[in-house]
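Q: If you scroll down you'll find the structure; I have some questions about it.
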Amino acid sequence: MDSRVSELFGGCCRPVGSGSGGALRGRAGSGSGGSAVSSSRGRKKNGRHRGGKANNPPYLPPEAEDGNIEYKLKLVNPSQYRFEHLVTQMKWRLQEGRGEAVYQIGVEDNGLLVGLSEEEMRASLKTLRRMAEKVGADITVLREREVDYDSDIPRKITEVLVRKVPDNQQFLDLRVAVLGNVDSGKSTLLGVLTQGELDNGRGRARLNLFRHLHEIQSGRTSSISFEILGFNSKGEVVNYSDSRTAEEICESSSKMITFIDLAGHHKYLKTTIFGLTSYCPDFAMLVVSANTGIAGTTREHLGLAMALKVPFFIVISKVDLCSKATVERTVKQLERILKQPGCNKLPLLVTSDDDAVTAAQQFAQSPNITPIFTLSSVSGENLDLLKVFLNILPPLTNSKEQEELMQQLTEFQVDEIYTVPEVGTVVGGTLSSGICREGENLVVGPTDDGKFLQLKVCSIQRNRSACRVLRAGQAATLALGHFDRSLLRKGMVMVSPEMNPTICSVFEAEIVLLFHATTFRKGFQVTVHVGNVRQTAVVENINGKDKLRTGEKAVVRFRFIKHPEYLKIGAKLLFREGVTKGIGHVTCIQAITAGENGLEQDSGSELVSF
């Protein structure tokens, strides 16, 4: 949807004041001449403006055949045959949205906003509820608006969310990485969202999130932790305030938000980068403290999210500690940065439920929209707006892309390794492609000498609850029984035995040097991040150049200094060393065919690209 949706739901999204930096605010009834919706105060009884002229016909974009958005003019007393057809149509929209669909009632297929009378709308919603019951789904009315267009009686349109847990999975899962400077309130916010209790102003809410004693003592996150927030089919929050265990939350939820809590302190930057590259978050939430503004690692984390092309939204926390003027100053500071040429983002300040719904829909469809929330974890101010946003936020991939990934051979990234008493070795990570089942035989590698070793998946857990089947894009932990933990390391992959994995020690990447104090030359060593791979590499060659300076592009050949790694052509790459930073993507690899008996070098060690 484009800006016309904003005009319809929540008024005309436009810059507020000349000094606001251009943040968008949805204001119901603030429309100018072509606004689709106006307030009741500005409406004559005959549905015309005070000037006596009828409004121009308001439109939405025409309905798309694909996707999870359906337009319906009205659903009043359909015949049995028509009803069955509507149910089949709903199943298709739910499949396209991976369990979620949005119905616009009172809208023609070409996008014309006709609207319905009160009686017609009531009958249409009753039919829609029957359709949802038929497919085992629930409906939630997101918002209603009157259409002020050449009519003697009030007419309105209604936007409805239909949600159903897909038959082939437990729940719809979205991963959100939490970024921000140290002491910005990231862990406290997650504690409030997932525990259901407000903070006391001294960090009580964050205590359950910390994994180490020194984190509790210092109040600073140094590791990666995961927290879950559920929503049931009616859009109600499911968290630890209602449920004692994560398993109960999973059973009660049809949509799950998994927050990846990352470290804010600069000395833990490598951990934060690893969390962003290896756990493949769908979205990122950048938390900024209202009283300190953009400070410390905030810019760096913002740059990381943009470099890795992770869509992000911003939460300004601790508004209870500041005056309104201070909060506005922080908002303006963010707006200036977001609108700079390097960012080219359009800030959308969320101040109402309507704004939250509009932001969620536009955010997933337009990469330029950046919603901004201002809230407090102590007073709870505007916390509900963030929950509304997270509830409606749709997945980035549709069902077709998901099916294509699932048709491929199994590939699981190893991000964490544990030893659990009476269970044995356990690995955590993300299934990049294929399907992984309990009891399946896979191979894991590459080891230090380039081998892949056989193993068996004994059991699977997702969000701390048992799961028999893991599908592409899902994160989980796999129990490997008595497999020797010392043979495993972060950065390995577990793949199907039918796959002939290609590993390499030498690869080429097209890079952009974001910053370097002097000149970037042959022989320089950097830490390279590619997915879950993190290893030091040395620059062997810079194609066509002797050196690079800040902002320059080039194709560079790297060599890992320890052991070979599993890489893919086109994978995003990020490298760092001190203040030196660069991004790019893998273009060629020097292929080494890995077998269980060791290494074989292919094609005279020539670089190959695909």
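Q: So which GluC sites (Glu not before Pro) in the stretch 497-551 end up in coil per DSSP with only 10 or fewer other C-beta atoms within 10 Å?
A: Loop-located and lightly packed - Glu498.
Q: Listed highest first by mean packing, meaning other Cβ atoms within 10 Å per residue, what order do 191-198, 451-458, 180-187 come in?
A: In descending order of packing, they fall as 180-187, 191-198, 451-458.
Q: A further question follows. What is the log10 of I(q)/I(0) for the stretch 303-398, computed with the Debye formula using one identical point scatterer on each Cα and no solvent, at q = 0.15, 0.16, 0.20 Å⁻¹?
A: -0.61, -0.69, -1.04
Q: Could you tell me how far the Cα centroid of the stretch 235-283 sits from the Cα centroid of the stretch 396-437, in Å?
A: Cα centres, the stretch 396-437 to the stretch 235-283: 17 Å.
Q: Test of understanding: extend the Cα→C-beta vector of Leu321 to 7 Å, then name every residue of the stretch 275-294 with backbone N under 16 Å from that spot.
A: So the set is 287-294.
Q: Need the full-extension length gain, Glu248 to Arg299, defined as separation in residues times 0.36 nm minus the C-alpha distance. One decimal, nm.
A: 14.6 nm
Q: Return, ordered by residue number, the residues of the stretch 66-93 whose backbone nitrogen is under 17 Å from a label point located 7 Å along Cα→Cβ of Glu119.
A: Residues 74-78 fall inside that zone.
Q: Along the Cα→Cβ direction, 7 angstrom out, place labels at Asn110 and Phe515. What is the inter-label distance in nm?
A: Distance between the two pseudo-spin positions: 5.4 nm.
Q: Short version: ³J(HN,Hα) in whole Hz for each residue of the stretch 519-530, in order, from phi by Karplus 6.51 cos²θ - 1.76 cosθ + 1.60 (θ = phi - 60°), x for Gly and Pro, what are they?
A: So the Karplus estimates, Gly and Pro as x, are 10, 8, 10, 4, x, 6, 9, 9, 8, 9, 10, 9 Hz.
Q: Assuming 0.36 nm per residue, please report the length gained on full extension of the stretch Glu236 to Leu409 beyond their Cα-Cα distance.
A: Stretched fully, the Glu236-Leu409 segment lengthens by 58.6 nm.
Q: Semi-axes of the stretch 453-492's equivalent ellipsoid from the Cα gyration tensor, sqrt of 5 times each eigenvalue, largest first, rounded to whole Å?
A: Rounded to whole Å, the semi-axes are 20, 12, 9.
Q: Right, here's the next one. Please say if the stretch 417-564 is rounded, prolate or oblate, where rounded means a/c under 1.5 for a ≥ b ≥ c the square roots of the C-alpha gyration tensor eigenvalues, and otherwise the choice is prolate for a/b larger than b/c and oblate otherwise?
A: Here the stretch 417-564 falls in the prolate category.
Q: Could you give the length gained on full extension between Arg549 and Leu487, defined as 0.36 nm per residue of separation minus the Cα-Cα distance, in nm?
A: Working it through step by step, the gained length comes to 18.3 nm.
Q: Taking the alpha carbon gyration tensor of the stretch 516-559, what are the square roots of 5 times its eigenvalues, largest first, to the nearest whole Å?
A: So the equivalent ellipsoid measures 19, 11, 10 Å along its semi-axes.
Q: Of Lys126/Lys255; Lys74/Lys400; Lys345/Lys581; Lys186/Lys318, which pairs sit farther than 18 Å apart, going by alpha carbon to alpha carbon?
A: Among Lys126/Lys255; Lys74/Lys400; Lys345/Lys581; Lys186/Lys318, the Cα-Cα distance tops 18 Å for Lys126/Lys255; Lys74/Lys400; Lys345/Lys581.
Read the figures in this text as sums done on the coordinates, not as results from a lab. Fair warning: this is a prediction, and the values are worked out from it, not measured in the lab. Counting neighbours? That spans all protein chains shown, and the Cβs are built from the backbone with ideal geometry, glycine included.
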